[in-house]
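Asker: Sharing a structure, written as structure tokens. Questions coming.
The values are calculated or read from the model by the stated rules, or taken from the named source; none is laboratory data. Here the structure is a predicted model, which is why all the values come from computation and not from measurement. All Cβ positions, even for glycine, are placed from backbone atoms using ideal geometry, and neighbour counts span all protein chains on display. Ligands, DNA and RNA are stripped out before the accessible areas are found, and what is left, the full protein with its side chains, is counted by its heavy atoms. Shrake-Rupley method; radii C 1.70, N 1.55, O 1.52, S 1.80 Å.
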Amino acid sequence: MTESTIQQSLDVEAVRRDFPILGKPLSGGRPLVYLDSGATAQKPQCVIDKVVECYENYNANVHRGVHSLGNRVTTELEEAREKVRSLLNARHVEEIVFTSGTTASINLVANAWGRKFLSAGDEILVTVMEHHANLVPWQQVAEATGAVLKYIPLTADGRLDLSALDELLTTKTKMLAVTSMSNVLGTINPIKELSNRAHQVGAAVLVDAAQSVPHEAIDVCDWDADFVAFSGHKMYGPTGIGVLYGKRQLLEAMDPFLGGGNMIRYVYRDRFEPADLPAKFEAGTLPIAQAIGLGRAIDYVTSIGFEAIGAHEHQLTVRAHEALAEIPGLTIYGPEPSQKGSIVSFSIEGLHSHDVGELLDRKGVEIRVGHHCTMPLHEHLEVSSTSRASFAFYNTLEEVSALAEAIRYAREVFRLK
Ligand code: C6P
């Protein structure tokens with residue numbers, strides 16, 4: 001794809017004007033080059049306006065009152081839920097549970113599904129590239145139930161080594177919990193194939209889609225995933241809102257995770273009857289304005305279109321690989337751009353990632369440094385930390401050049417040859 005065809009499909013300058021923060025210089029007048037959308041994406045004005053609209057015009061609690069404001073806000077929230085259903089191509093709107101984020105969604109499944117259906121000797125299959133959010137809850141539930149955690153290893157270029165599946169997937173495997181896109185390597189995993197293989201041995205499949213949902217069209221039916229988790233804030237929506245998709249029969253078979261208001265049908269002195277889906281898993285007051293804001297973010301992103309988004313972000317990733325490959329002593333982790341999303345993690349010989357982060361910030365280039373909540377992956381890579389640039393559709397090829405220039409500047413400061 002050439003630059004001109006991309007410009008026809010995605011007008012980056014027009015898109016950038018939708019994001020107020022992108023036009024605001026940092027202190028000292030440094031132009032902002034925001035390359036940390038993998039941590040959290042910037043918010044378009046329409047999402048900010050929607051949240052303000054909610055608080056200014058129809059703020060009330062949902063599903064509780066019969067008054068006008070309560071009815072209005074409940075309608076808005078349920079419309080947002082329908083937008084999430086449509087985004088994921090889920091069959092039923094009751095399969096969409098609002099949570100506070102990916103972490104909360106995975107913890108919900110690990111506790112409500114894992115503690116009920118796992119027992120000693122059962123196996124939970126994860127991968128070496130998982131975010132801690134898709135590891136620690138499984139470690140906790142393994143400890144509580146006596147289940148055992150097993151890991152799908154990685155190939156040298158940071159993809160899943162599927163040749164290990166024959167041995168790893170057995171009738172003991174009860175859960176495959178896997179990311180659809182690594183937040184460090186950028187690797188896009190073959191979820192449909194993994195799901196098919198896991199189902200052949202009767203295992204359930206949970207997909208951590210935190211990094212995929214903002215970048216590609218997701219179809220949970222095509223994946224045939226049993227559970228899918230993602231966060232609103234990486235999808236250009238507000239913080240504090242997340243989603244758990246679960247197949248209806250599985251959610252119905254699970255007991256509630258948190259107890260409290262909204263999740264009950266009836267409470268007696270000595271017991272309760274849970275509410276129907278999805279309320280059964282939505283105890284307490286929801287992040288209401290945030291859910292409504294997420295609905296607006298979905299409208300915004302889908303109006304741009306995942307095809308245009310994917311093509312543009314791929315171009316940025318290709319350019320970043322080319323530009324960074326020319327820098328002496330720089331190692332990029334993960335597969336070639338054709339196998340990954342718009343994340344480029346790297347290390348520079350002779351420079352600690354925290355120094356890289358600080359020196360790039362002097363040039364206004366905002367990246368993430370550290371272990372990115374993936375310590376087992378970093379142990380596998382034999383590095384304690386990495387630097388990560390993550391691109392969104394509002395980034396430009398000029399910003400990729402600014403990244404490369406800023407890295408060269410960092411090397412000069414440390415007088416690296
Ligand atoms: N990754 C990053 O900079 P929460 O915090 O619940 O919204 O998302 C957790 C999470 C789960 N899975 C993956 C693949 C993720 O990338 C993240 C969040 C951020 O990479 C913050 S550590």
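Asker: Confirm whether K50 is of a type outside the set (A, V, I, L, M), touching a residue at least 24 places away in the same chain (Cβ under 8 Å) and surrounded by 14 or more Cβ atoms within 10 Å (Cβ to Cβ). Lay out the reasoning, then the answer.
Answerer: On the way: of a type outside the set (A, V, I, L, M): yes; touching a residue at least 24 places away in the same chain (Cβ under 8 Å): yes; surrounded by 14 or more Cβ atoms within 10 Å (Cβ to Cβ): yes.
It is true that K50 is of a type outside the set (A, V, I, L, M), touching a residue at least 24 places away in the same chain (Cβ under 8 Å) and surrounded by 14 or more Cβ atoms within 10 Å (Cβ to Cβ).
Asker: Test V84 against the criterion of being over 29 Å from T173 (Cα atoms) and within 16 Å of the ligand (Cβ to nearest atom), and give yes or no. Working first, answer last.
Answerer: Details: over 29 Å from T173 (Cα atoms): yes; within 16 Å of the ligand (Cβ to nearest atom): yes.
In short, yes.
Asker: Shifting gears a bit: Regarding A283, is this residue in contact with a Leu (Cβ under 9 Å, 6 or more places away or on another chain), within 29 Å of N57 (Cβ to Cβ), within 16 Å of the ligand (Cβ to nearest atom) and small (G, A, S)?
Answerer: Here the answer is no, as A283 does not meet what is asked.
Asker: Among the listed residues V62, V97, V109, V84, which satisfies the condition of being surrounded by 15 or more Cβ atoms within 10 Å (Cβ to Cβ), touching a strand residue (DSSP E or B) at 6+ places or on another chain (Cβ under 7 Å) and not in a helix (DSSP H, G or I)?
Answerer: V97
Asker: Within region 21-39, is even one residue under 26 Å from F391 (Cα atoms), in a loop (DSSP other than H, G, I, E, B) and touching a Pro at 6+ places or on another chain (Cβ under 6 Å)? So that I can check it myself, show each step before the final result.
Answerer: Pass one, region 21-39, residues under 26 Å from F391 (Cα atoms): 21-39.
Next cut, in a loop (DSSP other than H, G, I, E, B) only: 24-26, 30-32, 35, 37-39.
Then keep just the ones that are touching a Pro at 6+ places or on another chain (Cβ under 6 Å); that gives 25, 31.
The answer is yes, given that some residue of region 21-39 is under 26 Å from F391 (Cα atoms), in a loop (DSSP other than H, G, I, E, B) and touching a Pro at 6+ places or on another chain (Cβ under 6 Å).
Asker: Let me ask something additional. Looking at region 186-228, which of its residues are assigned to a strand (DSSP E or B), surrounded by fewer than 24 Cβ atoms within 10 Å (Cβ to Cβ) and within 18 Å of the chain's Cα centre (by Cα)?
Answerer: I188, V205
Asker: In addition: Going through region 6-46 one residue at a time, which ones are in contact (Cβ under 8 Å) with a residue 60 or more places away in the chain, under 18 Å from D299 (Cβ atoms) and more than 16 Å from the ligand (Cβ to nearest atom)?
Answerer: L10, V15, D18, F19, P44, C46
Asker: Which residues, counting only those in region 124-167, are outside any helix (DSSP H, G or I), open to solvent by less than 20 Å² (accessible area, probe 1.4 Å) and more than 16 Å from the ligand (Cβ to nearest atom)?
Answerer: I124, L125, A147
Asker: Shifting gears a bit: Search region 168-185 for residues being in a loop (DSSP other than H, G, I, E, B) and away from the ligand (no atom under 16 Å from the Cβ), and hand back the single one that is surrounded by the most Cβ atoms within 10 Å (Cβ to Cβ).
Answerer: L169
Asker: Taking strands (runs of 3 or more DSSP E) that fall entirely within region 254-356, which contain at least 1 residues that are modelled with pLDDT of 95 or more and open to solvent by less than 40 Å² (accessible area, probe 1.4 Å)? Walk me through how you get there before you give the answer.
Answerer: Numbers: elements: 264-267, 272-274, 330-333, 343-348.
Ranges flagged: 330-333, 343-348.
Asker: With respect to A120, is the statement that it is over 30 Å from A39 (Cβ atoms) and outside any strand (DSSP E or B) true?
Answerer: In short, yes.
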